[in-house]
Amino acid sequence: MHLGGLLRGSLVATGLLAGRALAKPLVPQFFERAVDQCPAVVTVQPIEIIGQTPVIIDVWIPVNTVIIINEITIQVTNAPTQVSTTITTTVTTTSTVTT
């Protein structure tokens, strides 16, 4: 009886040890495969470029008219008059850089 209990205990202990022995190598193998497939660190960075262009308007308007500059409409209804202003156009471009 005592021998059988010891034998069963030994089998259980051997099974636990074998389970630990099998579980440990799987973790490093997983990371080894990941390193083999992607050996370098990849960084993806979004970039936003904002460009602004000032348009200076300084003009004498003798008659009522409409001035259109870069999709901006200025209606002149009190001619004759001098129009002096600055319109700033903004263009935004987005991209990504992978290094």
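Quick notes
- Of all the residues in the stretch 68-83, those that are more than 23 Å from Gly51 (Cα to Cα) and either of a type in the set (D, E, K, R) or under 46 Å from the mean Cα position of the chain (by Cα) (or both) number 3.
- Residues that are polar (S, T, N, Q) and exposed (fewer than 10 other Cβ atoms within 10 Å of the Cβ) number at least 1 in the following strands (runs of 3 or more DSSP E) confined to the stretch 39-99: 44-61, 72-76, 81-98.
- Contacts under 8 angstrom Cβ, first residue in the stretch 40-69 being under 30 Å from Thr94 (Cα atoms) and modelled with pLDDT under 90, partner of a type outside the set (Phe, Trp, Tyr) and not in a strand (DSSP E or B), 6 or more apart: Val42/Thr99; Thr43/Thr99; Gln45/Thr99; Val55/Asn70
The values are calculated or read from the model by the stated rules, or taken from the named source; none is laboratory data. As the structure is a prediction and not an experimental result, all values here were calculated from the model. Don't worry about glycine lacking a Cβ; one is built from the backbone with ideal geometry, like all the others, and counts go over all protein chains shown.
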